[in-house]
Amino acid sequence: MRVDLFIPCFVDQLAPRVGLATAKVLRGLGHEVAFREAQTCCGQPSFNSGHWDVAREAALRALDVFRGAEAVVGPSASCVAMMRKFYPEVLAGHPRAAEAADLAGRTFELGEFIVRRLGVTDVGARWEGKATYHDGCHGLRELGLRREARALLGAVRGLTLIEAEEQETCCGFGGLFSVKYPMISTAMAQVKSDALVRTGADIVVSSDPSCLLQIGGYLGRQGKAVRTLHLAEVLASR
């Protein structure tokens, strides 16, 4: 099928390699991948700040940008949750509310799309080493994703997946939360990161770039050698 990429702000500005890896994985599965350059921020920062008028504008733009898309796939459960769960909320009662619901039904997080929509768990990836997986809050709580990334990682040749303690513990990023409450955010990052390090894994994998930014930043400041990688990067490896 034709898959339209939704590239979140963190990926666009700080980790474009994740977007490229996402495209590589999807193309490797035989699908046409397109990128609509008119796309912008999903509006989540405005939504979380209570500025629903601004978030509504972002939602309406997304409806225009992705009109007619067969499937919209993003490498961020957080931003996908905004489009799927909260666009219908901010556009409730709006003349385009039905369009928001329609787009929500065609929007997927990467691992979810591969496993649930395509029915694939083995993408032919290889990565030598040990990994542990971090569940981002939006993927876990808003989208109900838990097994999808683990199924994909479990099929990666040469990779040993080790489960960490504090599996459902937030990393402390939370978008604007980390800006408003930096001390609490750092304490949460410590709890989560220490649990991940205790696994003895070489890499920490997640489906959310923002979580990886938080965890990677903390690990780096502590001088830890553990790398943080997006799920797409591991799946694109050969």
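The values are calculated or read from the model by the stated rules, or taken from the named source; none is laboratory data. What you see is a predicted model; the values in this text were computed from it and never measured. Cβ: placed from backbone, ideal geometry, glycine included. Neighbour counts: every protein chain shown.
At a glance:
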| item | result |
| --- | --- |
| Test: residue in segment 84-105 that is touching a residue at least 60 places away in the same chain (Cβ under 8 Å) and either within 25 Å of ARG147 (Cα to Cα) or outside the structural domain of GLY158 (by TED's automatic domain parsing) (or both) | no |
| Subset tally (residues that are among the basic types (Lys, Arg) and touching an Asp or Glu at 6+ places or on another chain (Cβ under 9 Å)) for segment 99-134 | 3 |
| Qualifying residue in segment 114-129 (condition: part of a loop (DSSP other than H, G, I, E, B) and free of Cβ contacts under 8 Å to residues at least 24 places away in the same chain) | yes |
| All positions within segment 16-43 that are of a type in the set (Gly, Ala, Ser) and either part of a helix (DSSP H, G or I) or surrounded by fewer than 21 Cβ atoms within 10 Å (Cβ to Cβ) (or both) | GLY19, ALA21, ALA23, GLY28, GLY30, ALA34, ALA38 |
| In segment 65-83, the residues that are over 21 Å from ARG146 (Cβ atoms) and assigned to a loop (DSSP other than H, G, I, E, B) | PHE66, ARG67, GLY68, ALA69, GLU70 |
| Where a residue in segment 198-222 is more than 10 Å from ILE162 (Cα to Cα) and its partner, wherever it lies, is among the acidic types (Asp, Glu) and crowded, with 24+ Cβ neighbours inside 10 Å, with Cβ under 7 Å and at least six apart | SER207/GLU109 |
| Strands (runs of 3 or more DSSP E) wholly inside segment 131-238 that include at least 2 residues being surrounded by fewer than 18 Cβ atoms within 10 Å (Cβ to Cβ) and in contact with a Phe, Trp or Tyr (Cβ under 9 Å, 6 or more places away or on another chain) | 157-161 |
| Which numbered condition ALA62 misses (of (1) assigned to a helix (DSSP H, G or I); (2) among the small types (Gly, Ala, Ser); (3) surrounded by fewer than 19 Cβ atoms within 10 Å (Cβ to Cβ)) | (3) |
| Per-region count, segment 104-130, residues among the acidic types (Asp, Glu) and exposed (fewer than 15 other Cβ atoms within 10 Å of the Cβ) | 2 |
